[in-house]
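Report on the following structure.
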Amino acid sequence: MTLIDTSEHPWPALPFIGWRDTCATLHMWTQIVGKIRLALEPMVNHWWQVPLYVTSSGLTTSPISHNARSFQIDFDFCRHVLVITTSDPQRREFALAPYPVAEFYEKVMGALRDLDIDVTIWTMPVEVSDAIPFEQDRDHKSYDARAAQRFWRALVQGDRVMKQFRARFTGKVSPVHFFWGSFDLAVTRFSGRTAPPHPGGMPNLGDWVAVEAYSHEVSSCGFWPGNGGFGKAAFYSYAYPAPAGFAGAPLRPPAAVFDTNLQEFILDYEDVRTSPDPDAMLLEFFQSTYEAAANAGNWDRAALERR
């Protein structure tokens, strides 16, 4: 049964302290599903073949090729089920409920075997400290359905506004996509120039992965639902490599700050959610922080931006 409170504000409250454990569990669940896509999809620049995408009910892998068939895996945060569908067509689903990561892993892999989909993944989580292999992880076992749904509803809003921002750029730009490694929604613009090799250093992630991800100069913005080092839900923006003067550039709106620990611009999600015009406030943040990167980095803005 679908349960969604449409009486709430379109931008839901998302206090991290209220869903920290569910967030940690969902992070591991999305990594399992994302690694299945990684194992089967052909390589695309900057790892664009691995993220998930926001849907009208949750998150999806989009179609994944397997021999002559395709399949996709969907988190449905309205009915609170994981759904696997194939092009045959066949379908398997099971409820999202408070059980350990190890059990979720077995359920997913069992459903795939039942559909004659043969896939093996590296079961060590990436980009997290104190990682536990999926098949051994019985520590992360929380699923608050209402909190998971609020998380998805926040993604819907972020995805919608980021797509508006993406449309302003005619240069190379990523899709709006959800990276399960860092557990954030992001969209990235490119200057067209190559970048110095990224130093890497992320937990359980080869430095060569970061080198590929940041092979070219970028201005990237996105949304953390509470993770990411800020301690609460927030929008962010950064440049790689960060040009001289980037951190001190004029910034809008006034609620936005440059976080010296993260070395990124930050706008508290709660400030956006409770503003009279959340869309305008967020677009202003994305635009001003992009301008900080593009102006300080001498991007050819006339050639890259839609007029």
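The values are calculated or read from the model by the stated rules, or taken from the named source; none is laboratory data. Keep in mind it's a predicted model, so treat the numbers as computed, not measured. Backbone-built Cβ (ideal geometry, glycine too); neighbour counts: all protein chains shown. Accessible surface is based on the protein model in full, side chains and every heavy atom, while ligands, DNA and RNA are left aside. Shrake-Rupley method; radii C 1.70, N 1.55, O 1.52, S 1.80 Å.
Could you tell me whether PRO253 is assigned to a loop (DSSP other than H, G, I, E, B), open to solvent by less than 40 Å² (accessible area, probe 1.4 Å) and out of contact with any Phe, Trp or Tyr (no Cβ under 6 Å at 6 or more places or on another chain)?
Yes: the conditions hold for PRO253.
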Only unsatisfied item for GLY248, checking (1) free of Cβ contacts under 8 Å to residues at least 40 places away in the same chain; (2) more than 29 Å from ALA147 (Cα to Cα); (3) assigned to a helix (DSSP H, G or I), is (3)
Inside region 284-307, can you point out the residues that are modelled with pLDDT under 95 and within 27 Å of the chain's Cα centre (by Cα)?
ARG306
Any chance you could count how many residues in region 217-239 are free of Cβ contacts under 8 Å to residues at least 60 places away in the same chain and either surrounded by fewer than 19 Cβ atoms within 10 Å (Cβ to Cβ) or in a loop (DSSP other than H, G, I, E, B) (or both)?
3
ALA210 is checked against (1) open to solvent by less than 20 Å² (accessible area, probe 1.4 Å); (2) within 24 Å of ALA154 (Cβ to Cβ) and fails just one. What number does that condition carry?
(2)
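Has region 265-281 got at least one residue that is loosely packed, with under 14 Cβ neighbours inside 10 Å and assigned to a helix (DSSP H, G or I)? Don't jump to the end; show me each part of the working.
Filtering region 265-281 down to residues loosely packed, with under 14 Cβ neighbours inside 10 Å leaves 274, 276-277, 280.
After this cut, where a residue has to be assigned to a helix (DSSP H, G or I) as well, the list is 280.
Yes, the conditions are met somewhere in region 265-281.
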Inspect all residues belonging to region 77-96 and state whether any of them is more than 29 Å from ASP139 (Cα to Cα), among the aromatic types (Phe, Trp, Tyr) and modelled with pLDDT of 95 or more.
no
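Can you find a residue in region 104-120 that is of a type in the set (Phe, Trp, Tyr), open to solvent by less than 50 Å² (accessible area, probe 1.4 Å) and out of contact with any Lys or Arg (no Cβ under 6 Å at 6 or more places or on another chain)?
First pass over region 104-120, keeping only residues of a type in the set (Phe, Trp, Tyr): 104-105.
Those left that are additionally open to solvent by less than 50 Å² (accessible area, probe 1.4 Å): 104-105.
Okay, now just the ones that are also out of contact with any Lys or Arg (no Cβ under 6 Å at 6 or more places or on another chain), so 104-105.
For region 104-120, residues of a type in the set (Phe, Trp, Tyr), open to solvent by less than 50 Å² (accessible area, probe 1.4 Å) and out of contact with any Lys or Arg (no Cβ under 6 Å at 6 or more places or on another chain): present.
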Taking into account only those residues within region 172-194 that are assigned to a loop (DSSP other than H, G, I, E, B) and open to solvent by 20 Å² or more (accessible area, probe 1.4 Å), which is nearest to SER62 (Cα to Cα)?
PRO175
Restricting attention to region 14-25, the residues that are surrounded by 15 or more Cβ atoms within 10 Å (Cβ to Cβ) and assigned to a loop (DSSP other than H, G, I, E, B) number exactly 2
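Just checking, does region 165-184 include any residue being among the small types (Gly, Ala, Ser) and under 30 Å from PRO100 (Cα atoms)?
Of the residues in region 165-184, the ones among the small types (Gly, Ala, Ser) are 167, 171, 174, 181-182.
Those left that are additionally under 30 Å from PRO100 (Cα atoms): 181-182.
Within region 165-184 (the criterion being among the small types (Gly, Ala, Ser) and under 30 Å from PRO100 (Cα atoms)), the answer is yes, since at least one residue qualifies.
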For a quick check of your reading of the model, give me the residue pairs whose first member lies in region 290-304 and is among the basic types (Lys, Arg), whose second is assigned to a helix (DSSP H, G or I), with beta-carbon atoms closer than 9 Å and at least 6 apart or on different chains.
ARG301/GLU291; ARG301/ALA294; ARG301/ASN295
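Could you check region 135-171 and list, in sequence order, the residues that are of a type in the set (Asp, Glu) and either crowded, with 16+ Cβ neighbours inside 10 Å or closer than 18 Å to PRO225 by Cβ (or both)? Before the answer, list the steps.
Taking region 135-171 and keeping what is of a type in the set (Asp, Glu), we get 135, 137, 139, 144, 159.
Matches in region 135-171: ASP137, ASP144, ASP159.
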Taking region 17-57 and keeping residues modelled with pLDDT under 95 and among the hydrophobic types (A, V, I, L, M, F, W, C) leaves ILE17
Looking at the structure I just gave you, is PRO199 open to solvent by 30 Å² or more (accessible area, probe 1.4 Å), out of contact with any helix residue (DSSP H, G or I) (no Cβ under 9 Å at 6 or more places or on another chain), in a loop (DSSP other than H, G, I, E, B) and over 18 Å from GLU305 (Cβ atoms)?
no
